[in-house]
Each structure stands twice: as C-alpha cells, then as structure tokens.
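Have a look at the structure below, then the notes.
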Amino acid sequence: MLRKMIYPKIETLLNTAAGFLHEKGFTPNQLTFAGLGLNVVSGALFMLGLFPAAGLMLLVAGLGDMLDGALARTSGRASKFGAFLDSVVDRYSDFFVFGGLAGHFAVTGRMGWFLLVMGIIAGGFVTSYSKARAENFIDACSVGVFERPERLIALAVGAILPGLMGLVIWVLFFGTQATAVQRILYTQSLLAEPAAARSSDPAKPL
C-alpha cells in the first residue's frame, strides 16, 4: 500500500538515478545484493544497540531496494527470475535486520522484547508466505496494511526517533499478525467463490 502511494511521486527521480547507474555499468542484481549487504550492516548495528545508525542504514537500503526494479526496467533487464531473486533476497534481509534487533534484546537480557521481535519475524514471514502460496490458487493476494515497506519504515522511524522503539515493536507485532490473518481470510473468501467471479488486484511487495 505504501509503495503504491509513494512510488508514483518519485518515479521520475528513480528512473533518472537508474539511468545514471545503467550508464555506469551497474546491474539490477548488483543493487539487489548491495541492498542485502546494507541490511546486514543495519542488523549488526541493531545488535550493537546503535539504533539511530541502524535506522538510517535501513532507509538507505530501502532506497536501493526501489532502485533495483527501476534499473531493471530502464536497462531492459526486467525478468521474472529477477523479481523472484529480489523477493528471496528480501527474506534474508528481513531476517538479518529483525534478527539483529532480537539479538540485541537477547544479549541485554530483555527477554520480553526479544520474544516480541521474534513474533514480528514470524508474522512477517507468514505474511510473505501466505501471499506466495495463495497466488498458486488466486490471481493476487496483496491485502493488508503491514507489507514489507511499512514494516521496515516503521522500524527505521522507531530506531531514529528517541523513545519510539517500544511502541513501534508493539505496533509491528500486532500489525504483522493482523496482516497475515487478513491474507488468510481473504484467500479463503476468494476460494469460496466460483472461479469466474474472482477478481485480481495489482501486484504489490511481499
């Protein structure tokens, strides 16, 4: 949802940046793996308790995540495998980011927060998996508020702004579970309809 709102407003800027990167010889897959590297660094910063730096790194990685798709289209290298690889790498990125945060709470003995973050990891992965699995049976399953961009931006804001992290963790915990359940119920409702009556919705991020 967030990407659908923001992307049209910055599409021209992204395409310009993608054109520059294409001229310099960069490929979409290079940006995808560069984003993974930045997310690993972000996770390490979370692990060390350097929350503002981790949040800023997360935002930079998010910009790279938007640029790889723009570069793929600009360079004529857009492909189904590229989209598949990007989604797979995103799952690793999410693990390193939230895993770093969970690790920080574990080593500092705050087990309540550790368990909440582990719940966010579970909810995020079920949200993504439910979409991927549902789309074996229906055209698209992109419902829900807490898709990947919303999760990462909320975490970045909570990390950068003092005093917000606790609230953000609770919001992400309940938001990810609600989104996963919403996708399950959405799929159930569509599968209960005759095939001819099912409608598709635009593809959105996992």
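Taking 0.36 nm per residue of separation and subtracting the current Cα-Cα distance, fully stretching the chain between Ser75 and Phe174 would add 31.7 nm. Could you state, as a whole-number percent, how many of the C-alpha pairs of region 71-206 are farther apart than 20 Å? More than 20 Å apart: 52 percent of the Cα pairs in region 71-206. Evaluated with a Cβ-only charge set (Lys, Arg +1; Asp, Glu -1), the chain carries a dipole of roughly 40 debye about its Cα centre, given to the nearest 20. Specify the residue with the greatest mean-square fluctuation among Phe81, Phe33, Phe46, computed from a Gaussian network of the chain linking alpha-carbon atoms under 10 Å apart. Greatest mean-square fluctuation among the candidates belongs to Phe81. Name the residue, out of Phe26, Phe125, Phe114, whose mean-square fluctuation peaks in a Gaussian network model built on the chain with Cα pairs under 10 Å. Greatest mean-square fluctuation among the candidates belongs to Phe26. Highest mobility in the GNM of the chain, judged by mean-square fluctuation with C-alpha springs under 10 Å and restricted to Gly163, Gly37, Gly119, is found for Gly163.
Summing charges over neighbours of Gly175, with a neighbour being any other residue whose Cβ is under 9 Å away from its Cβ, gives 0 when K and R count +1 and D and E count -1.
The loop-placed trypsin sites (Lys or Arg not before Pro) in region 97-159, going by DSSP, that have at most 14 neighbouring Cβ atoms within 10 Å of their Cβ come out as Arg110. With the helix formula -39500 (n - 2.57) applied to DSSP H stretches of n ≥ 4, the chain reaches a computed 222 nm mean residue ellipticity of -27000 deg cm²/dmol.
Taken together, the values in this text are just the output of simple stated rules run on the coordinates, not laboratory data. This is a predicted model, so every value here is computed, not measured. No Cβ is skipped: glycine too gets one built from the backbone with ideal geometry, and neighbour counts run over all protein chains shown.
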